[in-house]
1. Placing one identical point scatterer on every Cα of the range 464-543 and ignoring solvent, what is log10 I(q)/I(0) from the Debye formula at q = 0.24 Å⁻¹?
2. Could you list 175, 333 so that the one with the fewest beta carbons within 10 Å of its beta carbon is first and the one with the most is last?
3. Run the simple label-point estimate for residue 12 and residue 457 please: 7 Å along Cα→C-beta, distance reported in nm.
4. If you count, for each residue, the other Cβ atoms within 10 Å and average over each peptide, how do 266-275, 134-143 line up from highest to lowest?
5. Want the number for residue 356 to residue 185: 0.36 nm per residue separation, take away the alpha-carbon distance, what's left?
6. Mind jotting down the distance between the C-alpha centroids of the range 463-488 and the range 417-437, whole Å?
7. Just to confirm the filter: which trypsin sites (Lys or Arg not before Pro) across the range 17-104 are DSSP coil and have at most 15 other Cβ within 10 angstrom of their Cβ?
8. Between residue 101 and residue 141, what's the calculated FRET efficiency when r is the beta-carbon distance and R0 is 22 Å? Round to 0.05.
Amino acid sequence: MSSTDYGVPARRRALNIIWTAAGEYGFEPAFMAFTQNGQPDLYMDSIIGYVRKWYDRETMQELFDTTGSSLMRETFDGILWIGLENCAFEREVRERPVLSELRHACAEIFFEQQFTKSRQQWMAQNSLVYALQSARWNTVLGKEPGLVNPWEKNLFQELAFSGDWDARQIADHAYSVLHRYFRFSPGRAEHSLLLLLKNRLFSFSTRILPSRMMRTEDLTFSRDSSGNGIITARKSRNAGLLTAAEEENNRIYIQNCFGLPLYNTEESSRIEQLLCSGRHQGCHIYFTDGRRQAEESIDVQTGKEPKNPASDGQIRETIRGAQAQADRNRTHYKERLHFYENCIARLSQQIRNALLVYPQPSRVAGRNGRIASEKIWRAVYLNDERIFTEKFEEEQPDFSVDLMLDASASRLQSQETIAAQAYVIARSLHLCRIPVQVTSFLSLRGYTVIRRFCGYDEMDKDGRIFDYFAAGWNRDGLALRGAGHLMQDSPAKNKLLIILTDASPNDDRKIPSDRAGGHPLSRDYSGEAGIRDTSSEVRALKKSGVQVMAVLNGEDGSSEAARRIYGDDFVRIENIRRLSDAVGTFLQKKIERFF
């Protein structure tokens, strides 16, 4: 494994270089460039910024997304940036002549680093991308390209993208080159085992090039049709093994974006080893309640001072976006306060009616009845005669409810409504003295983040539900495992899990290969595979005694997928005015099953 550390400070510096070159700040670039020792590549990061500055963004993003769908993505990225470097340089140097000196210095550094490499690295770098990069920097230094193979010579000539081209001409030419030289056709899935093995070889080779172009897998910040800030994530189809430094950087990123972990390092590792197995092997799970630590406090997992979230633009933008969404959630609820209060009154009354029909025995302390051995000490030391328990019927519920909210980017257009629905359900249950735990889940950078808004004994904290916001992906199966783990703390014998979802599992981390199960290659966690995994986790919860139901709101989600996952235990709320009646009816049925 490489020891290269693309840490938060290095990424921050790379971002600043890109933003400065683009003349625009705050956007998330599709690529970043780093040298072999993990430092930002000044010249290539500047080129990334100039591409943003000069060429139509939608067209370029379409090109990046299209090549990113190929099994040979690593190779295509390297080839594409050899062409983009040329046209971006030619365009920018007209206004910035000093760029020629920076380009010349970059070429010299490329060849200087050859003398520091081992024989194994030289052998690994005998790749197409390396040969083409060498040819480009040779020409920059006024030398011959040094290519012998006629096929490589012709390809290199094709990569002299002109500074006079616009974005559409660049994209069309790039598609043509990739089709003629690699038989790549945009929109056509590639499943060739030979191509997969080739890409893995190229991926290994490009990891130790003097300068490495990396696709970013961070949050992307943009605006929806109403001008509201939204947070999404770019899907990484071929995520490879990460170095220990990269893994730690991801953990710090998740912690700074979403809050401190609920568990210490030892407990987190134990839980992860238990839950992130089988179809979720290689993934991480992160539990938090959203609390943030003071700048001078200590990281509970590493014992070190944390990186300051305010010093990282991406993290700062995440926190700012989350707070803005929380404000919109609360404003939405207050503007419709009368309506939602009526919903709470109706739903809580329906729950009370169900509890009256199915009363439960409650044990109370008394001076006669069945002796409670654990209370004998009170008679000896406190002269308390109430060391017996009496049993009588009352409407005291003996079940708890876990409310879990899908917080993936597919819920971006429904965040205010989902937060309000969750609050109505939780508040109604609280008014009936039913223990409720409310959480949300999303997946990002291989982490399924489960945020707890309020625990079973925090009836006065349900207002935290309005801190809900959506981002990233959703690995529903792993989230359900996480819900099962949290439900172990339930104070009640019977447990009910209600999921507000669109029944569309979709994560950027694949399901590992399973030869014994008939899957020799890894699979995308989406579609059929995602539905099957989520369905199996629902069955596992039911087998453990947990009742499970799902709530689909509006037009979001597929009823067919929901039926395959949850059976008949789901309800679609097409109109918010039906919330109380629809959820109340289902809750009554679930309560009946407890008795």
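Quick note: the coordinates plus some simple rules give every number you see, no bench work behind them. Nothing here was measured: the structure is a model prediction, and the numbers come from that model. In this analysis, Cβ positions are derived from the backbone assuming ideal geometry, glycine residues included, and neighbour counts consider all displayed protein chains.
1. Here the Debye-derived log intensity ratios amount to -1.24.
2. Listing 175, 333 from fewest to most nearby Cβ atoms yields 175, 333.
3. The two pseudo-label positions are separated by 3.9 nm.
4. Per-residue mean Cβ counts within 10 Å order the peptides as 134-143, 266-275.
5. Full extension from residue 356 to residue 185 adds 55.1 nm.
6. Spelled out, the Cα-based centre of one part sits 16 Å from the other.
7. The qualifying sites are 94.
8. So, using R0 = 22 Å, E works out to roughly 0.95.
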